[in-house]
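Derivation of every value follows stated rules applied to the coordinates shown; laboratory data play no part. No experiment lies behind these values; they were computed from the predicted model shown.
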Amino acid sequence: MATQPQTIIEPAAPVDKPLGSRNQANLSAIFGDSPLPGYLGDIDDDERKKTYQDSVLDGTVTGGLGLPNFNPEYTANGAPDLLKVETGGGGKPATPFVPNPDSPGPGSMSAADQAEFTGTIPESGPEYGSGLGGLVSPSTTSTEIEKQTLGSYISGKSYAGSNGVV
């Protein structure tokens with residue numbers, strides 16, 4: 001995330017420069033039909049931030065790229081609780097984090113024919129980067145992530161406490 005606010009809609013106030021400065025009167029005359037501030041309508045930085053929060057971060061997105069709709073609120077989508085994942089044979093994973101490596105047997109390519117894996121699953125080591133690690137269930141982290149609002153992001157963290165430090 002940028003440490004300095006970036007231009008959204010409202011440009012920085014012009015500064016007195018002999019070369020390369022903007023002339024708002026000329027820009028307004030040239031682009032009279034522009035939807036930007038000072039031309040038509042009431043679009044400004046606050047309106048754009050509110051629209052993004054309401055339509056993208058909080059609202060259900062409809063009609064986009066092959067999906068009829070998408071709800072960005074993770075818990076509304078049924079974030080999985082990895083502690084409740086059923087493991088075993090018949091195509092089920094060996095653990096909530098590891099697929100079943102057992103062979104389905106001679107002549108079969110169906111995961112439904114897999115027996116429960118009885119070998120030893122290696123212990124999970126530390127994951128690259130910082131945070132709670134790869135064994136945290138999405139049902140635990142989703143509630144915190146969906147509370148985020150535009151501008152509340154913390155550099156290097158998903159949310160306060162996600163780096164293992166409260």
Rank T60, T95, T118 by mean-square fluctuation in a GNM of the chain with C-alpha springs under 10 angstrom and give only the top-ranked residue.
-> T118
Per residue and in Å³, how big is the convex hull formed by the alpha-carbon atoms of the chain?
-> 235 Å³
For every helix of n ≥ 4 consecutive DSSP H residues, a contribution of -39,500 (n - 2.57) applies; sum these over the chain, divide by its total residues, and give [θ] at 222 nm rounded to the nearest 500 deg cm²/dmol.
-> -3500 deg cm²/dmol
Lys pairs in the chain, Cα-Cα under 28 Å, at least 8 apart or on separate chains: how many?
-> 8
Residue with peak Gaussian network fluctuation, the chain [Cα springs, cutoff 10 Å], from N26, N100, N71 | N26
Most mobile listed residue (L19, L67, L83) in the chain, GNM with C-alpha springs under 10 Å | L19
